[in-house]
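Quick notes on the structure that follows.
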Amino acid sequence: MQTNPRLNIRQVTWANPVGADLRAAQQAELDARFGSTDHEPGPSPSESDTAVFVVAYEKCSGQPLGCGGLRMLDEKTAEIKRLYVVPYARGSGVASSILAALEAQAHSHGFTVIAAEAGSAQSDGRSFYESAGFALVPNFGPYIGVDESYCYSKRIDSHSASHTAMA
């Protein structure tokens, strides 16, 4: 699962305290961006619907720098949830490394499509998904009819998963 020589990316449980702290930081940032705590349509991800959750640690310091998970939508589709990088580590390849790890894990779990959503206050997230090869698609699931949501999708196979890991 390693895609960046400066990082250790570890699969952890949803209940992992480091992962929980990173998710809380992400939600606090989104609350501030959206000006509300009501910015996630549908149910929040949980242990029961999250196939994979990873935390990226800086090798030299052991500091956690980011996280991300895959929520199972159906037997072939997983949605990226809680992809987050601490502010001081942004722009250093951490998010791309987490995404590559999630794509590899999705492929190994038999998923062939990865979906993602970014809200209107997340132009950085939208740019990130587009630069990673995700295509804008009609809103799906709880995002249907939500004007502030932008949904993305990307087909994955062994070639695309390994290509992302090498990027």
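Could you run through region 101-136 and say how many residues are of a type in the set (D, E, K, R), part of a helix (DSSP H, G or I) and open to solvent by less than 60 Å² (accessible area, probe 1.4 Å)?
2
Please give the number of the condition Ser96 fails out of (1) under 11 Å from the mean Cα position of the chain (by Cα); (2) open to solvent by less than 10 Å² (accessible area, probe 1.4 Å); (3) under 17 Å from Val54 (Cα atoms).
Failed condition: (2).
Does at least one position in region 31-46 carry a residue that is touching a Pro at 6+ places or on another chain (Cβ under 6 Å), within 27 Å of Cys151 (Cβ to Cβ), surrounded by 14 or more Cβ atoms within 10 Å (Cβ to Cβ) and at pLDDT 95 or above?
No - not one qualifying residue is present in region 31-46.
Rundown of residues vs (1) among the aromatic types (Phe, Trp, Tyr); (2) open to solvent by less than 20 Å² (accessible area, probe 1.4 Å); (3) in contact with a helix residue (DSSP H, G or I) (Cβ under 8 Å, 6 or more places away or on another chain), yes/no style:
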site	(1), (2), (3)
Tyr57	yes, no, no
Ser61	no, no, no
Cys67	no, yes, yes
Asp74	no, no, no
Ala78	no, yes, yes
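Looking only at region 46-71, which residues are touching a Phe, Trp or Tyr at 6+ places or on another chain (Cβ under 8 Å) and without any contact (Cβ under 8 Å) to a residue 40 or more places away in the chain?
Matches in region 46-71: Ser46, Glu47, Thr50, Gln63, Gly68.
Would you point out the residue of region 137-150, among those that are over 11 Å from Ala115 (Cα atoms) and among the hydrophobic types (A, V, I, L, M, F, W, C), that is most open to solvent (accessible area, probe 1.4 Å)?
Within region 137-150, the match that is most open to solvent (accessible area, probe 1.4 Å) is Ile144.
With Ala106, Ala25 as the choices, which residue is within 15 Å of Tyr129 (Cβ to Cβ) and touching a residue at least 12 places away in the same chain (Cβ under 8 Å)?
Step by step, each of Ala106, Ala25 is checked, and only Ala106 is within 15 Å of Tyr129 (Cβ to Cβ) and touching a residue at least 12 places away in the same chain (Cβ under 8 Å).
Would you check which residues across region 122-148 are within 15 Å of Arg82 (Cα to Cα) and small (Gly, Ala, Ser) and list them?
Selection gives Gly125 alone.
The values are calculated or read from the model by the stated rules, or taken from the named source; none is laboratory data. Being a predicted model, the structure only gives us computed values, none of them experimental. Here the Cβ is made from the backbone with ideal geometry for all residues, glycine too, and neighbour counts use every protein chain on show. In case anyone asks, the SASA skips ligands and DNA or RNA and just uses the protein heavy atoms, side chains included. Shrake-Rupley method; radii C 1.70, N 1.55, O 1.52, S 1.80 Å.
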